[in-house]
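Note sheet for the following structure.
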Amino acid sequence: MNIYKAIFLSSLGKKYIMGVTGLALFGFVIGHMLGNLQIFLGPEKINAYGALLKSMPKLLWMARLGLLACVGLHLWAAIQLVRQNRKARPSAYKVVDHSGSSFASRTMIWSGLIVLAFIIFHLFDFTITPEYTGKDSEGRHDIFRMVVLGFSNPLSAGWYIFANALLCFHLSHGVKSLFQSLGLSSGKWRGWFNTLAISVAWLVFVGNASIPVAVLLGFGKEALK
Amino acid sequence: MMKLDSNIPSGPLASKWERHKFDLKLVNPANKRKFEIIVVGSGLAGASAAATLAELGYKVSCFCYQDSPRRAHSIAAQGGINAAKNYQNDGDSVHRLFYDTIKGGDFRAREANVHRLAEVSRNIIDQCVAQGVPFAREYSGYLANRSFGGAQVSRTFYARGQTGQQLLLGAYQALSRQISLGNVRMFPRTELQDLVLVDGHAKGVVMRNLVNGEISSHAGDAVILATGGYSPVFYLSTNAVGCNVTAAWRAHKRGAAFANPCYTQIHPTCIPVSGDHQSKLTLMSESLRNDGRVWVPGKKDDSRRPGEVPESERDYFLERKYPSFGNLAPRDIASRAAKEVCDDGRGVGPGGLGVFLDFADSINRLGEGAVRERYGNLFDMYQRITGENAYTQPMRIFPAPHYTMGGLWVDYNLMSSIPGLFVLGEANFSDHGANRLGASALMQGLADGYFVIPYTIGHYFASHSQKRPSVSHDAFKGVEAEVHAKIEKLLSVKGKRTTRSMHWELGRLVWEKCGMARHKEGLEEAIQRIPELREAFWNEVSVPGGANELNVSLEQASRVADFMEFGELLCRDALKREESCGGHFRTEHQTEDGEALRNDRDFSHVSAWEYQGKDSPPKMHKESLHYEEVKMTQRSYK
Amino acid sequence: MNLTLKVWRQRDAQDEGHFVTYPAHDISEDMSFLEMLDVVNEGLITKGEEPIAFDSDCREGICGTCSLVINGRAHGGQRATTACQLHMRHFSDGQTITIEPWRARPFPVVRDLIVDRGAFDRVIQSGGYISASTGGTPDANTLPVGKPTADMAMDAAQCIGCGACVAACKNASAMLFVAAKVSHLGMLPQGAVEKDARVLSMVRAMDEEGFGNCTVTGACEAVCPKEIGLDFISRLNRDYLSAVAKSTC
């Protein structure tokens, strides 16, 4: 059995790719959120965290490339699978009753694509071509100020909150199904994984959305003065 | 002139089969691939035969009318399969299974065939387990058994309430393997139209492709029919709506003797009829009688709800009449007892055509969980159909046509009176006599397919030199033309009545006159009315659509046309057999307390009918039954 | 009760197909759904029209022949019930019912509501068996099989091959069907010998037939007449992964 064929050319193999890359991306989402939440500890902590990351360029780039590969594979497998699925049902039902399945599970490709668009936007917004490049008193990139400035615009904050809602919607189904795809979800574990997926989805949403919401409510205003 | 030679081997009963296997001629392994075998039907008998013959090296073509061989009606058998394994250490043996089957068949089966069946029963279980059939297990990991009607030992192997399904899937998987290896060519959605004889030997079939209507000929060195029984002659039965007598009937018209058609089995535990719209009756496994008690109110027209009838006013009629077998009395006896109490005006449910099957005692004794574990799927099915919960109120059951012991006559080698035509499973008459015991149909179907035909068909090939003809042979052309003409004739009637309504009428007539109880006048009336009905059918039936397309109306009409002819033979056989035995109960012949009264002096024979043409009545031949081992007794389950 | 039926009619595989509306009068609530269709067909035949073609055989929920999507649900959406055992008491007077065939590329429509499920047979032929030829097998009690294992194998083996899982899945995936057979045979000691080869071959056959893949929506499990669950799909994923790993190492 050719492993390339067994993984890259079979439907089950592509689901493993989705699962493994999904797991990695999910890990990143958690780490990213924990890092960002340091903003609530004040400008010193978050700016130092930014500087720390920048101080390890090799590691940073390895992580970035790794994540990029994950996104690429996740996207590639998703497109392949969706095409296979579309082909498998050439004519649609006139009446469709979805009572057996969740909305999130049926819209993974859409929530995923919108989140992808958001990620690209987000990268340009805060990493590749940030509008604000000011330094803090210690000469580090003033991330705190950049975030507060950015989220002071209600439109921008709203878009972040919306995109995070979709991301978590995606995770609520993705996390549990990655365990299914990897063959780990059976018996009592199924219930555990379902609970885990819903809980972490909410956690990530609350964590990530708390930053723009806090800024809109006035957090960090003083620092800008 | 038809000659019926049963070819029963000589020697002591217990060693006949062993001896016969040695006496049978063999086909050299390298030569087997030169023989082509046509198998019609893919149920337990057909699929097991097709797979096994292909494993031996023969080239097999297998046909079924369903869209997949996995859907043959064997799949619906619920309760189990008997085997003389004696795993329970309760006194079972090959001889006991043999004796129970002979006695259960009311001494109207061939001893030698039944003994062979009991012998190979053990191999069947081994084979099925090796195929992955998930039989029920004890906590030890060893196979579990349950008891069944007509036996006092536990010898029934089962897979929940879906034993037939699991055994069929085992055979289907074996067949699938041979298909993938190229040894079997499978033709789903095809239906037999006729049998083709060349020089008196069965050498092919003419089939109709049910998707596009194409008529095609297939030649073989031998033809095997494993096409099931004829219960739908009653219209309502527990059979699938597609089950039919067509293959057997058309073979009969080509010269195969039809044996004992009057031996029909009415199953005691079916869900009662709810209205005229009904297309079939649903069976509840007989295994339910292990834990359910059958009763009716003691007085007539009792309209109280079952729970309101006190214990003292209930008549547990099976336990009362048959104290030693009780609720596990054999099917024919249990069915007739139910009919009696209903005729007496004590039936329950709509129309008074039903009796209670009550699980209250078992639920009290074992707990609802244990009952659910054993019969959960049956209780669910009952609720789906009736809307009633059998955990809280008794089930209502009534007898329904279920299985036909009669069928094409075969000799010990399972060959019909046409050389080269073999008949397996329910389609033949051989093993169950006048009544079949529960869990024996699966046993017989698989015995025939896995362990009998593979030996006996080789003997036929080795003993005859007839070459397989080409399909361009005139015999095929002639039969094809007849098939086309018959289809055209059905399509051109263009009457006003539906096939279904006429089938319903036939079924009702046969059920009333030749059902659970029969008598001379009724049978004579039916023999007179069926030809009238048949004539009406050919003048009034409406078959829309064309011949060269998927046409369900045409399929049905073609099958019902054969039932219209077969029904008459059924009644003629019932009229001729002036005794009561097993599933055949003539009201003129009963004991003082209403039990079947056999007449061994005059009727200890197989009635094999020979077709004599459209306008002459069929001719009956007798094959005498000789009992070397068993002493015929009055069958008693008291 | 009286009903309005919107039924998919299609002459053959080439025809485009369309919906036709039929009234259904005097329907009793004790009828099964298929008996209701029988009644409508009786009316059509009496008028000399061609009846609605639909598949059915045993009519007791075990042969897996019937295959109707009723108001958007395969088999009509009653728990653990095939269309043939669905009774009209679940519908109400005046209701409009839309009836469609299974829709999936591997299940082409043959006529009206009848589809060709030969793809399932081919998937089984690719390895859904234990290669035990007749004869020569050991006594049935030679290998004990733990009751929990036997019970779970039976849970999977109950599959009736109706294809409702494919019909209900938004991806027309056959994962539940394949998983049931792979699990049934793979769990038993008799089937363990060919376990890896079986799963690799059946998954390949499934893909080649053009079924979609699993998005874990659970729609299959919700309509399965035998209530075969997603756990078996997880087991299939695990068995395949393990077979790939073993064949590579």
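The values are calculated or read from the model by the stated rules, or taken from the named source; none is laboratory data. Fair warning: this is a prediction, and the values are worked out from it, not measured in the lab. We place every Cβ from the backbone using ideal geometry, glycine too, and count neighbours over all the protein chains shown. Each accessible area value is taken on the protein alone, full model and side chains, heavy atoms only, with ligands, DNA and RNA left out. Shrake-Rupley method; radii C 1.70, N 1.55, O 1.52, S 1.80 Å.
Roughly how many nanometres apart are two label points built 7 Å out from the Cα toward the Cβ at B:A481 and B:K3?
Simple spin-label model gives 3.2 nm for this pair.
Relative to the longest principal axis of the C-alpha atoms of chain A, give the angle of the C-alpha long axis of helix A:108-123, reported between 0 and 90° and rounded to the nearest 10°.
Once rounded, one gets 20 degrees.
Identify, among C:G210, B:L56, B:L143, the residue whose Cα sits farthest towards the positive end of the charge dipole of the protein assembly as shown, taking +1 on the Cβ of Lys and Arg and -1 on the Cβ of Asp and Glu, with the dipole about the Cα centre.
C:G210
Is the C-alpha gyration tensor of the range B:1-97 telling us rounded, prolate or oblate? Criteria: a/c under 1.5 is rounded; beyond that, a/b larger than b/c is prolate, otherwise oblate. Intermediate values should be presented prior to the final figure.
Working: a/c = 1.84, a/b = 1.12, b/c = 1.64.
Oblate, because a/c is 1.5 or more while a/b does not exceed b/c.
Just in the range A:31-91: which trypsin sites (Lys or Arg not before Pro) are loop by DSSP and have at most 16 other Cβ atoms within 10 Å? Numbers along the way, then the final one.
On the way: sites: A:K45, A:K54, A:K58, A:R64, A:R83, A:R86, A:K87; in loops: none.
Listed in order of number, the matching sites amount to none.
Per residue, what accessible area does the range C:3-111 have, given a 1.4 Å probe and all protein chains present, in Å²? It would help to have the intermediate numbers written out before the result.
Values: 3700 Å² over 109 residues.
On a per-residue basis, 34 Å².
Can you give me the three principal axis dimensions of the range B:266-400 from its C-alpha atoms, in Å, biggest first?
Principal extents (Cα only, largest first): 37, 36, 30 Å.
Just report the Cα centroid separation between the range B:363-442 and the range C:1-55, whole Å.
Result: 32 Å between the Cα centres.
Looking only at the range C:3-111, where both bridge partners belong to it, what percent of the DSSP beta bridges are antiparallel (to the nearest 5)? Could you put the intermediate results ahead of the total?
Values: 14 of 18 bridges.
Within the range C:3-111, antiparallel bridges account for around 80 percent of the total.
Taking 41 Å as R0, compute the FRET efficiency from the Cβ-Cβ separation of C:A13 and C:D151 and round it to 0.05.
Values: r = 41 Å, r/R0 = 1.01.
It comes out at approximately 0.50.
Just the Cα atoms of the range C:118-248, one point each, no solvent: what log10 I(q)/I(0) does Debye give at q = 0.11, 0.15, 0.21 Å⁻¹?
Evaluating at q = 0.11, 0.15, 0.21 Å⁻¹ gives log10 I(q)/I(0) of -0.37, -0.69, -1.28.
Rank these residues by their accessible area, most exposed first, probe 1.4 Å: C:L44, A:L203. Show your work: numbers first, answer last.
Details: C:L44 5, A:L203 110 Å².
Heavy-atom accessible area, descending, gives A:L203, C:L44.
Dividing the alpha-carbon radius of gyration of chain C by 2.2 N^0.38 Å (N being the number of residues), what value is obtained?
Numbers: Rg = 20.2 Å, N = 249, 2.2 N^0.38 = 17.9 Å.
Working it through for chain C, the quotient is 1.13.
How much accessible surface does A:L41 have with a 1.4 Å probe, in Å² rounded to 10?
120
So if I take the alpha carbon set of chain A, get Rg, then get Rh from the Kirkwood formula, what is the Rg over Rh ratio? Each step should come with its number before you reach the end.
Values: Rg = 19.9 Å, Rh = 19.5 Å.
Dividing the radius of gyration by the Kirkwood radius yields 1.02.
Around B:F422, which amide H atoms from residues at least 5 apart in sequence, or from another chain, sit under 5 Å from its own amide H, with H modelled in the peptide plane?
When sequence neighbours closer than 5 places are left aside, the close amide H contacts are B:V223, B:I224, B:L225, B:S416.
Students often get this wrong: which residues of the range A:181-225 have the backbone nitrogen under 13 Å from the point 7 angstrom along Cα-to-C-beta of A:S156?
A:212, A:215-216
Give me P(r) over the range C:3-111, computed from all C-alpha to C-alpha distances, binned every 10 Å, as integer percentages.
The percentages, shortest bin first, are 14, 49, 33, 4.
Which order do A:W76, B:W609, B:W538 take when ranked by solvent-accessible area (1.4 Å probe, heavy atoms of all protein chains), largest first?
Values: A:W76 90, B:W609 15, B:W538 50 Å².
Descending order: A:W76, B:W538, B:W609.
When DSSP assigns beta bridges and you keep just the ones with both residues in the protein assembly as shown, what percent turn out antiparallel, to the nearest 5?
Working: 63 of 87 bridges.
Bridges in the protein assembly as shown that DSSP calls antiparallel: roughly 70 percent.
Can you list the residues in the range B:526-553 whose accessible area drops by at least 40 Å² when all protein chains are present, compared with the chain alone? Use a 1.4 Å probe, heavy atoms only.
Correct list: B:P544, B:E549, B:L550.
For B:K103, tell me the accessible area in Å² from a 1.4 Å probe, rounded to the nearest 10.
40
Which distance in Å, rounded to a whole number, links the C-alpha centroids of the range B:1-80 and the range B:336-361?
Centre-to-centre (Cα) distance: 41 Å.
Just to confirm my numbers, what's the Cα centroid distance between the range A:170-220 and the range A:1-34 in Å?
18
For B:E521 paired with C:K6, estimate the spin-label separation in nm (one decimal), with each label point 7 Å from Cα along the Cα-to-Cβ line.
Distance between label points: 5.8 nm.
What residues in the range C:201-215 lose 10 Å² or more of accessible surface when the other protein chains are added to their chain alone (1.4 Å probe)?
C:V203, C:R204, C:D207, C:G210, C:F211, C:G212, C:N213, C:C214, C:T215
Rolling a 1.4 Å sphere over the protein heavy atoms, what is the accessible area per residue of the range B:509-580, to the nearest Å²? List each step's numbers first, then the result.
Working: 2370 Å² over 72 residues.
That works out to 33 Å² for each residue.
If you average 1/r over all unlike Cα pairs in the range B:555-612 and invert the result, what Kirkwood radius do you get in angstrom? Can you show the working numbers first?
Values: mean 1/r = 0.0758 Å⁻¹.
Answer for the range B:555-612: a Kirkwood hydrodynamic radius of 13.2 Å.
Enter the mean number of other protein chain beta carbons within 10 Å of the beta carbon of each residue in B:493-500, as an integer.
Numbers: counts 0, 1, 2, 4, 3, 8, 2, 6.
Mean partner shielding for this stretch: 3.
For the range B:215-304, place one equal point scatterer on every Cα, skip the solvent, and apply the Debye formula. What is log10 of I(q)/I(0) at q = 0.12, 0.15, 0.17, 0.26 Å⁻¹?
-0.60, -0.82, -0.95, -1.37
Quick one: accessible area per residue over the range C:175-249, 1.4 Å probe, rounded to a whole number of Å²? Show your work: numbers first, answer last.
On the way: 2230 Å² over 75 residues.
On a per-residue basis, 30 Å².
Using only alpha carbon positions, build the gyration tensor of the range B:479-602, then give the equivalent ellipsoid semi-axes as the square roots of 5 times its eigenvalues, largest first, whole angstrom. Working shown, then result.
Values: eigenvalues 262, 37, 25 Å².
One finds semi-axes of 36, 14, 11 Å for the range B:479-602.
As an exercise, use a Förster radius of 60 Å and the Cβ-Cβ distance of B:S463 and A:K45 to find the FRET efficiency, rounded to the nearest 0.05. All intermediate terms of the calculation are to be shown ahead of the outcome.
Values: r = 97 Å, r/R0 = 1.62.
Computed FRET efficiency for B:S463 and A:K45: 0.05.
On the full set of protein chains, 1.4 Å probe, figure out the accessible area of B:E286 and give it in Å² to the nearest 10.
In the full protein context, B:E286 sits at about 10 Å².
Each residue of the range A:205-221 in order: what ³J(HN,Hα) in whole Hz does its phi give by Karplus 6.51 cos²θ - 1.76 cosθ + 1.60, θ = phi - 60°, with x for Gly and Pro?
Karplus values, whole Hz, x for Gly and Pro: 4, 4, x, 5, 6, 4, 5, x, 5, 4, 5, 4, 7, x, 5, x, 4.
Add -39500 (n - 2.57) for each DSSP H run of 4 or more in chain C, then divide by its residues: what number comes out at 222 nm, to the nearest 500 deg cm²/dmol? Intermediate results must be reported in sequence, preceding the final value.
Values: 9 runs with 92 residues, N = 249.
Value at 222 nm, helices only: -11000 deg cm²/dmol.
What nm value, rounded to one decimal, do you get for the distance between B:A30 and A:T107 when each label is placed 7 Å out toward the C-beta?
The answer from the label model is 7.1 nm.
Local charge sum around C:L188 (other residues, Cβ-Cβ under 14 Å, Lys/Arg +1, Asp/Glu -1)?
Values: positive: B:R137, C:K147, C:K181, C:K195, C:R198, C:R235; negative: C:D151, C:D155, C:E194, C:D239.
With Lys, Arg at +1 and Asp, Glu at -1, the net is +2.
For the protein assembly as shown, take the convex hull of the Cα atoms, compute a quarter of its surface area, and give me that in nm², please. Numbers along the way, then the final one.
Values: hull surface 193.1 nm².
Taking a quarter of the hull surface, the average projection is 48.3 nm².
Within the set of other residues whose C-beta is less than 12 Å from the C-beta of C:C162, count the net charge using Lys and Arg as +1 and Asp and Glu as -1.
On the way: positive: B:R70, B:R71, C:R117, C:K226; negative: B:D67, C:D55, C:D57.
Here the count lands on +1.
How charged is the neighbourhood of B:A608? Take every other residue with its Cβ under 14 Å from the Cβ of B:A608, and add Lys/Arg as +1 and Asp/Glu as -1. Numbers along the way, then the final one.
Working: positive: B:K3, B:R108, B:R110, B:R572, B:K576, B:R577, B:K619, B:K622; negative: B:D5, B:D411, B:D573, B:E610, B:E623.
Around B:A608, the surrounding residues sum to +3.
Using only the Cα atoms, what convex hull volume per residue in Å³ does the range B:172-232 have? It would help to have the intermediate numbers written out before the result.
Details: hull volume 7.8 nm³, N = 61.
Expressed per residue, the convex hull around the Cα atoms of the range B:172-232 is 127 Å³.
Could you work out [θ]222 nm for chain B from helices alone, using -39500 (n - 2.57) per DSSP H run of at least four and dividing by all its residues? Round to the nearest 500 deg cm²/dmol. Don't skip to the answer; put the middle values down first.
Values: 18 runs with 230 residues, N = 638.
So the calculated ellipticity at 222 nm is -11500 deg cm²/dmol.
HN-Hα J couplings of the range C:110-127 from phi, Karplus 6.51/-1.76/1.60, θ = phi - 60°, integer Hz, Gly and Pro as x?
Computed from phi, the couplings for the range C:110-127 are 8, 6, 6, 9, 9, 10, 9, 9, x, 4, 5, 4, 5, 5, 5, 4, 6, x Hz.
At a probe radius of 1.4 Å, figure out the C/A buried accessible area, summed over both chains, and give it in Å² to the nearest 100. Each step should come with its number before you reach the end.
Working: alone 12600 and 14050 Å², together 23040 Å².
Accessible area lost upon association: around 3600 Å².
Given a 1.4 Å probe and no ligands, DNA or RNA in the count, how much accessible surface is buried by C and B, both sides, to the nearest 100 Å²?
Working: alone 12600 and 24220 Å², together 30600 Å².
Chain pair C/B: roughly 6200 Å² of buried accessible area.
Sequence-distant or interchain residues sharing an amide H contact under 5 Å with B:D358, placed H: which?
B:R293, B:V294, B:W295
Over the protein assembly as shown, with every protein chain in place, what whole percent of the accessible area is carbon and sulfur at 1.4 Å, could you tell me?
Working: 22640 of 41050 Å².
C and S atoms contribute 55 percent here.
Residues of the range B:220-260 losing 50 Å² or more of accessible surface, assembly versus chain alone, probe 1.4 Å, please list them.
Residues shielded by partner chains are B:V241.
Given R₀ = 22 Å, FRET efficiency for B:E138-C:D139 by Cβ-Cβ distance, to 0.05?
That gives a FRET efficiency of 0.90.
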